[in-house]
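Undergrad: This structure is in C-alpha cells; I'll ask about it shortly.
All of the numbers you see were taken from the coordinates with simple rules; none came from a lab. Quantities reported herein were computed from a predicted structural model and do not represent experimental measurements. Cβ atoms come from the backbone with ideal geometry, glycine included; neighbour counts cover every protein chain shown.
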Amino acid sequence: MKPDTYHCILTMQKTTHGETALGTFSDTIDPAPGMTRVDIFNLAITQLTRHQPALNGGAVLFFALDKNQL
C-alpha cells in the first residue's frame with residue numbers, strides 16, 4: 001500500500017414520490033498529483049451515482065476522507 005492511499009466513505013439519500021434511495025460509496029483512492037479533497041468528493045459522488053442512478057441530485061449525508069495508513 002502506498003503511503004498516499006486514502007479511504008473514502010460517502011453516503012447519499014434521495015426521496016422522490018414517496019420512495020427513498022440510499023447508498024454508500026466506500027473505497028480506497030490513490031489521488032493523482034494535484035487532486036484536491038473536492039476532487040475526491042466529486043469522484044465519490046460520480047462513482048456512487050453511476051452505480052445507483054436514483055441518487056442523482058440527492059443529499060450527501062456523510063463524507064469522510066482519511067489516510068488509509070494506520
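Undergrad: Quick one: what pairs do we get from region 2-29, first residue farther than 11 Å from residue 63 by Cβ and touching a residue at least 24 places away in the same chain (Cβ under 8 Å), second hydroxyl-bearing (Ser, Thr, Tyr) and surrounded by 12 or more Cβ atoms within 10 Å (Cβ to Cβ), C-beta under 7 Å, 6+ apart or different chains?
TA: 28/5; 28/6; 29/6
Undergrad: Still on this structure: Which members of region 13-45 meet the condition of being surrounded by 11 or more Cβ atoms within 10 Å (Cβ to Cβ) and aliphatic (A, V, I, L, M)?
TA: 21, 22, 29, 35, 40, 43, 44, 45
Undergrad: If you don't mind, there's one more thing I want to ask. Determine which member of the set 54, 32, 64 is free of Cβ contacts under 8 Å to residues at least 12 places away in the same chain and not polar (S, T, N, Q).
TA: Going through 54, 32, 64 in turn, just one is free of Cβ contacts under 8 Å to residues at least 12 places away in the same chain and not polar (S, T, N, Q): 32.
Undergrad: Further question: Could you list, in sequence order, all residues of region 46-70 that are of a type outside the set (A, V, I, L, M) and either exposed (fewer than 15 other Cβ atoms within 10 Å of the Cβ) or in a helix (DSSP H, G or I) (or both)?
TA: Passing the criteria: 46, 47, 49, 50, 51, 53, 56, 57, 62, 66, 67, 69.
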